[in-house]
1. What residue, of P266, P315, is surrounded by fewer than 20 Cβ atoms within 10 Å (Cβ to Cβ) and not acidic (D, E)?
2. R467 - would you say it is buried (at least 20 other Cβ atoms within 10 Å of the Cβ) and either out of contact with any strand residue (DSSP E or B) (no Cβ under 9 Å at 6 or more places or on another chain) or modelled with pLDDT of 85 or more (or both)?
3. Do we have any residue at all in region 256-263 that's surrounded by fewer than 18 Cβ atoms within 10 Å (Cβ to Cβ) and in the same structural domain as L164 (by TED's automatic domain parsing)?
4. Just to confirm my filter: which helices (runs of 4 or more DSSP H) fall fully inside region 11-84 and include at least 2 residues that are free of Cβ contacts under 8 Å to residues at least 24 places away in the same chain and farther than 13 Å from F123 by Cβ?
5. Taking the options L346, L338, L303, name whichever one is loosely packed, with under 15 Cβ neighbours inside 10 Å, closer than 23 Å to L414 by Cα and at pLDDT 80 or above.
6. Looking for whichever is closer than 21 Å to I11 by Cα, modelled with pLDDT under 90 and surrounded by fewer than 20 Cβ atoms within 10 Å (Cβ to Cβ) here; the options are D91, D43, D97. Which one fits?
7. Filtering region 222-252 down to residues that are basic (K, R) and surrounded by fewer than 23 Cβ atoms within 10 Å (Cβ to Cβ), which residue is modelled with the highest pLDDT?
8. Give the number of residues within region 189-221 that are farther than 28 Å from S145 by Cβ, under 16 Å from the mean Cα position of the chain (by Cα) and either loosely packed, with under 14 Cβ neighbours inside 10 Å or not assigned by TED's automatic domain parsing to the domain that holds M171 (or both).
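The values are calculated or read from the model by the stated rules, or taken from the named source; none is laboratory data. Since we're looking at a predicted model, the values are computed, not measured. In this analysis, Cβ positions are derived from the backbone assuming ideal geometry, glycine residues included, and neighbour counts consider all displayed protein chains.
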Amino acid sequence: MTRKEREKLPIRSGLRDNIAMIKELSGGSSDVLINEFTTGGIDCALICCEGMVSSQTAAEMILTPVTGIAPQGSAAELFRHIQTNLLLSTDRPEVRDYDTLFRLLNSGFAVLIADGADCALAFGVQGYASRGIQEPSGEGNIMGSHEGFTETVRTNMSLIRRRLKSPELVMELMVKGERSRTDICLCYMRDRVPERLLDRIRRSLDGINLESVLSTGYIRPFLEKRSFELFSSAGVTERPDVLCSKLIEGRAAVLVDGVPYAITVPRLLCESFHTLDDYAYKPYYAVFGRWLRYAAFLIAVLLPAVYTAIVMHHPELLNSTLLMLLADAEKDAPLPILAEALIVLLMYEMIREAGIRLPKPVGGAVSIISGLIIGDAAVKSGLVSTPLLTMTALAVLGGLVVPDLAPQVTVLRLAFLVAGGIMGVFGISLLACAVLTNVCATEDYGFPFTAPLSPFSAAGTGDTAVRLGMRRMLRRGFTVEAYHEQDK
């Protein structure tokens, strides 16, 4: 019999047989603690994982009350007495097989087995170390909440519940990963989410057949289409307030234990240019901020390509003064414009990657070396011209304004640069058509990625390129279900 088949076996009635099976399945692991004792005239054992439970809580809520039970006739009567007369834990599932027993043990439960009982009782006394609630690192704001998700899925569930106290909020826990046995939580508003969307998400999650689930990247591919998409149709957020706003709009979310991010389905392109502070300021300032982000995205993707295309293929588009300045700056450069731009952009990507991966105390040295030594030396030596370095710096700065699209900006910037350097403005236009076609064809579970602009929906335009006043926006009552019904 294989190990997997043994794990599916039901709990045995003999205490010694159960202890022997637990030791065999755990491989005699040192952190599996088995505490044998006698209560009510029946031999019992309390099993837990060291470091996963709170010793004080287990002693006060389980050991002290249980060891004081009067004599009972059988193990069944003992368990019935515990379940009926003792409130040892608010979370106390009944265990029928060894697979469930080990999943609960590894989740911070203490499991009570008794001689003569063909089941076990589990008590939630979690006490493992976890990171506290801190400010999100990648979605900063000024006027909103400064709480972000943590690595503990149940803490994240409480952060959502605290903001949405409606009984319509539903959270479904499931386990994924044959080896990791990771807890996953599907969240949605029962009265807002389309039923067909929920059914398709459940089918997608049921199709996950992985050995381990260690990050959102293990789950997102199963929630997206299998066809090639430049932009991900499943979003992520580390802010509970942002997630709650999406749930109210009729979307679903997936929380993964051990990851301080939530996956949201479906995702819209316009969300990447929205921030929580847009709803804290006057509409005119929110509109200005959004158009600034749209412009920054276009600059980040197209500016190096347009500069290279004009200098190499279309100098007639420049006036005489600007043309002479650029010609004077580029005359001593030993490499073509396209090669210079690629070198500068790739050098920036290496510096950025080094700044992310290196320890924080060394991160400052990367900025000093790259800015003061490499950049200055490259210009003074004539390897890179000053105008090109300026265009590249503006493009990089524009990409930092929209961090949610950083992977797409990086790849598209290089692709447009190559197209512009080889074929000029025609190449840029051709690639832009291909990108727009791919973006417009992107959808998730029947919801277009470019909604509500394409296909057009008047109900959602008040919070896309512009932002209406809160009173007018709330009267519209936009949800993904309303949009989908209108589109049909």
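1. None of the others qualify; the one that does is P315.
2. Numbers: buried (at least 20 other Cβ atoms within 10 Å of the Cβ): yes; either out of contact with any strand residue (DSSP E or B) (no Cβ under 9 Å at 6 or more places or on another chain) or modelled with pLDDT of 85 or more (or both): yes.
Spelling it out, R467 is indeed buried (at least 20 other Cβ atoms within 10 Å of the Cβ) and either out of contact with any strand residue (DSSP E or B) (no Cβ under 9 Å at 6 or more places or on another chain) or modelled with pLDDT of 85 or more (or both).
3. Within region 256-263, one or more residues are surrounded by fewer than 18 Cβ atoms within 10 Å (Cβ to Cβ) and in the same structural domain as L164 (by TED's automatic domain parsing).
4. 15-26
5. Just one listed residue meets the conditions, L346.
6. On the way: D43 fails: modelled with pLDDT under 90; D97 fails: modelled with pLDDT under 90.
Only one candidate passes the filter, namely D91.
7. My answer is K225.
8. The total comes to 1.
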